[in-house]
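Enquirer: The structure's right below; bear with me while I get my questions together.
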Amino acid sequence: MLPTSLDEAVEALGASPAAVPVAGGTDLMEAVNAGRLRPGALVGLGRITELRGWRYEDGGTAVLGAGLTLARMDRPDFAALIPALADAARTAGPPQTRNVGTLGGNIATAAPSGDTLPVLAALEAVATLARTGGTREVPVSHLLTGVDPIRPGELLSWVRVPLLHAPQVFLKATGRSGPSRAIASVALVLDPARRAVRCAVGAVAPVPLRPLEAEAWVAGCVDWDARGEEGAQAIDPAAAAAFGEYVAAACVPDGYGADASSALLAEGPTAAAARLRRTVAVLARRALGRALK
């Protein structure tokens, strides 16, 4: 099925709830080729132009189409809008993947290493799901964790992102140079209006993790009035380093990398957990430093 409008796509899914929507197909075709997925039918979204762009809404919100490609998000106009999301899209893979991979596909697939996902979690983005008879809105974090998943017959159509008009950073560590899957990633955004820091860690768990206690603690360490003043130090370097350690300890369990039997015998963090914690701590500290610079 190849609908040309959102209404047609919703109608097609309503008539065949078991059908799988497909846009870029980068993750879906990998699953099909590996034998993990055998869809009875596909609903192609490539002809629905209304899902490929974005628009502004009153109240300081950007509404992003689910069909927005990673390559499109890397362009300067979008980077000025949501820089952390543009940075994540830029590193999401080789050009052939970024040219067809979509924001909606990243969310629907919910791969642990999905680069846009920690950014959406930190920004507290909300997804709009279209269905026969109307729409409903669900926090992206609820979709990713399965608290409120996409239901049969529903189509992820839009993603609403608050525009904070403040610094935001995405950093990731990989096992090799160039675009590749993340070992760990960190998205960090400042919310000066609420004097808050939001952080999400990706790739270390099945879903992005929000270290809420670390966020609240470091927000109290930031000199919000001094931020942006020439020569001013918005946070003590020791506090920034402690924040990195706080985030790492919150997101990487002691038994990371151990099998079930050895985890029961381990005293303290495993070697794999210690290595990953060092990586996450450095990413979080650097992300905070760049956001406050």
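The values are calculated or read from the model by the stated rules, or taken from the named source; none is laboratory data. Because the structure is a prediction, the values reported are computed rather than measured. Please note: Cβ atoms are built from the backbone with ideal geometry, for glycine as well, and neighbour counts cover all protein chains shown. Surface accessibility is based on the protein's heavy atoms, side chains included, excluding ligands, DNA and RNA. Shrake-Rupley method; radii C 1.70, N 1.55, O 1.52, S 1.80 Å.
Enquirer: Which of the residues belonging to the stretch 206-224 are touching a Pro at 6+ places or on another chain (Cβ under 7 Å) and within 15 Å of ALA291 (Cβ to Cβ)?
Expert: Scanning the stretch 206-224 gives a single hit, TRP224.
Enquirer: Follow-up question, since we're still on this one. Would you check if GLY67 is out of contact with any helix residue (DSSP H, G or I) (no Cβ under 9 Å at 6 or more places or on another chain) and more than 28 Å from ARG176 (Cβ to Cβ)?
Expert: The answer is no for GLY67.
Enquirer: Does the stretch 189-201 contain any residue that is hydrophobic (A, V, I, L, M, F, W, C), surrounded by fewer than 23 Cβ atoms within 10 Å (Cβ to Cβ) and touching a strand residue (DSSP E or B) at 6+ places or on another chain (Cβ under 8 Å)?
Expert: For the stretch 189-201, residues hydrophobic (A, V, I, L, M, F, W, C), surrounded by fewer than 23 Cβ atoms within 10 Å (Cβ to Cβ) and touching a strand residue (DSSP E or B) at 6+ places or on another chain (Cβ under 8 Å): present.
Enquirer: Could you tell me how many of the residues in the stretch 100-131 are in contact (Cβ under 8 Å) with a residue 40 or more places away in the chain, assigned to a loop (DSSP other than H, G, I, E, B) and on the phi < 0 side of the Ramachandran plot?
Expert: Of the residues in the stretch 100-131, 8 are in contact (Cβ under 8 Å) with a residue 40 or more places away in the chain, assigned to a loop (DSSP other than H, G, I, E, B) and on the phi < 0 side of the Ramachandran plot.
Enquirer: Test each condition in (1) closer than 23 Å to LEU143 by Cα; (2) in a loop (DSSP other than H, G, I, E, B); (3) touching a helix residue (DSSP H, G or I) at 6+ places or on another chain (Cβ under 8 Å); (4) of a type outside the set (Ser, Thr, Tyr) for ALA166 and report the one that comes out false.
Expert: Tallying (1) closer than 23 Å to LEU143 by Cα; (2) in a loop (DSSP other than H, G, I, E, B); (3) touching a helix residue (DSSP H, G or I) at 6+ places or on another chain (Cβ under 8 Å); (4) of a type outside the set (Ser, Thr, Tyr), ALA166 fails exactly one: (1).
Enquirer: On to the next question. Take the residues in the stretch 27-77 that are open to solvent by less than 80 Å² (accessible area, probe 1.4 Å), acidic (Asp, Glu) and under 20 Å from GLN96 (Cα atoms); name whichever of them is modelled with the lowest pLDDT.
Expert: The extreme case among them is ASP27.
Enquirer: Inside the stretch 78-99, can you point out the residues that are crowded, with 23+ Cβ neighbours inside 10 Å, touching a helix residue (DSSP H, G or I) at 6+ places or on another chain (Cβ under 6 Å) and in a loop (DSSP other than H, G, I, E, B)?
Expert: Within the stretch 78-99, ALA92 is the sole residue that qualifies.
Enquirer: Would you pick out the residues in the stretch 174-208 that are of a type in the set (A, V, I, L, M), in a loop (DSSP other than H, G, I, E, B) and closer than 24 Å to ALA71 by Cβ?
Expert: ALA203
Enquirer: Of (1) of a type outside the set (Val, Ile, Thr); (2) closer than 19 Å to ALA92 by Cα; (3) open to solvent by less than 20 Å² (accessible area, probe 1.4 Å); (4) in a strand (DSSP E or B), LEU171 satisfies all except one. Which?
Expert: LEU171 satisfies every listed condition except (3).
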